[in-house]
Amino acid sequence: MTTESYQLRVADVIEETEDARSIVFEVPSELQETFAYTPGQFLTVAVPSEQTGLAARCYSLSSAPHSGRHQITVKRTVDGYASNWLVQNLKPGDTLRVLPPSGIFTPKDVDADFLLFAAGSGITPVMSIARTALEKGTGKVVLFYANENESSVIFAAQLRELAEEYADRFTVVHWLVSVQGLPSQQKLATFATYFSSYTAFVCGPGPFMKATTDALKELGFPRDRRHQEKFVSLGGNPFGDVEEVLAAQKELKEADDHEDTDDASEPAVTGPIAVEVELDGEQYSFDDWQGDKVLLEYLEEKGVDAPFSCREGQCSACACVMLEGDVRLQHNEVLDQDDLADGIRLVCQAKPVTDRIRISYNG
């Protein structure tokens, strides 16, 4: 079995700043449903590599779903092979292999009032959320956007236009590190105090997200109104033959043999385990999971089109919510203690610890 990816033509490459480019994909009519997305989701892209054949990377969609546009925005990083290749080499007419949209960094209600925090390229999914909320929702939107200097502000013109068009609903606060220094947790908390009833979304470099999330916790923002984007550079190849990928990952895990799971001390159980799944309005029920393979593999064998991207516990594409029972994660680089406490699990790394589980992909 091979991972289902698609060759998409690049319709346009837009220079946002000296180091950032927006890439617009041409999605044919027969793939529109496959590539339907919600604001805040990302695409997994295969970037050509002479050393490894390809480098798989996740890039958030900066376009709004209702626009009919599929646009990701990539900012070049100093040591980032994939981002540098895309910024330097990609041009209209080229094609890239792409996996369909994934991710759980997305609002449930676009009519809510939103408090958005972004730093640098973290504006990408936040821009999608802001556009959708303003153009399709009814609530107020406040954006705190941190950058090194004025020339590094991605979407500066678009944000200015939105602020003018929705003057009564949209407020943008630009924070320039070159002028104001790094935004501290205390300063972020002071700012957020005025919007304590809003739903917060946070995206940016790790230290920025930690300071912002800690500030929101300090102010008592409940978990259901506090969202943080999480994925890292993927180490595996979700585009190749699944069996080969899984075999390679198994060898790496056995060689490394370190447990970095949050509940590794809890032993997995052996089957048969009863499994119930809610996915895209469908209900699935099985009773013969033996626990010898991760839940994603089992569901795929049963013909369930379960979402995934990296298969390595490095992104949130396969995230589900535990409604009954529990699983142990073999590897986890993306969920924090709050996520785990809320019952969020990564299906690609899940082994059973109870003889019955019930999960939902619907949040």
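Every number in this text was worked out from the coordinates using simple rules, so none of it is lab data. All values reported here derive from a predicted model rather than from experimental measurement. As a convention, Cβ positions derive from the backbone with ideal geometry for all residues, glycine included, and neighbour counts pool all protein chains shown.
For the reader, a short list of remarks on this structure follows.
- Principal-axis analysis of the Cα atoms of the chain puts helix 123-136 at an angle of about 80° to the longest axis.
- Backbone amide hydrogens, once placed in the peptide plane, bring residue 143 within less than 5 Å of 116, 171, 172, 173, excluding anything fewer than 5 places away on its chain.
- For the chain, the longest principal axis of the C-alpha atoms and the axis of helix 242-256 are separated by about 90°.
- For the chain, the Kirkwood estimate of hydrodynamic radius, built from reciprocal distances between every pair of different alpha carbons, is 21.4 Å.
- With a threshold of 18 Å on the Cα-Cα distance, the over-threshold entries among 75/108; 108/187; 187/210; 302/351; 108/210 are 75/108; 108/187; 108/210.
- Mean-square fluctuations from a GNM of the chain, with a 10 angstrom spring cutoff on Cα atoms, peak among 50, 229, 148 at 50.
- Relative contact order (percent, whole number), the chain, Cα cutoff 8 Å, 6+ residue spacing: 15
- Centroid-to-centroid, using Cα positions, segment 310-363 and segment 214-229 are 21 Å apart.
- With Cα atoms, 0 to 90° folded angle of helix 156-165 axis to the chain main axis: 70
- Centroid-to-centroid separation of segment 1-64 and segment 131-197 [C-alpha atoms, Å]: 26
- Residues 171, 38, ranked from the fewest to the most other C-beta atoms within 10 Å, line up as 171, 38.
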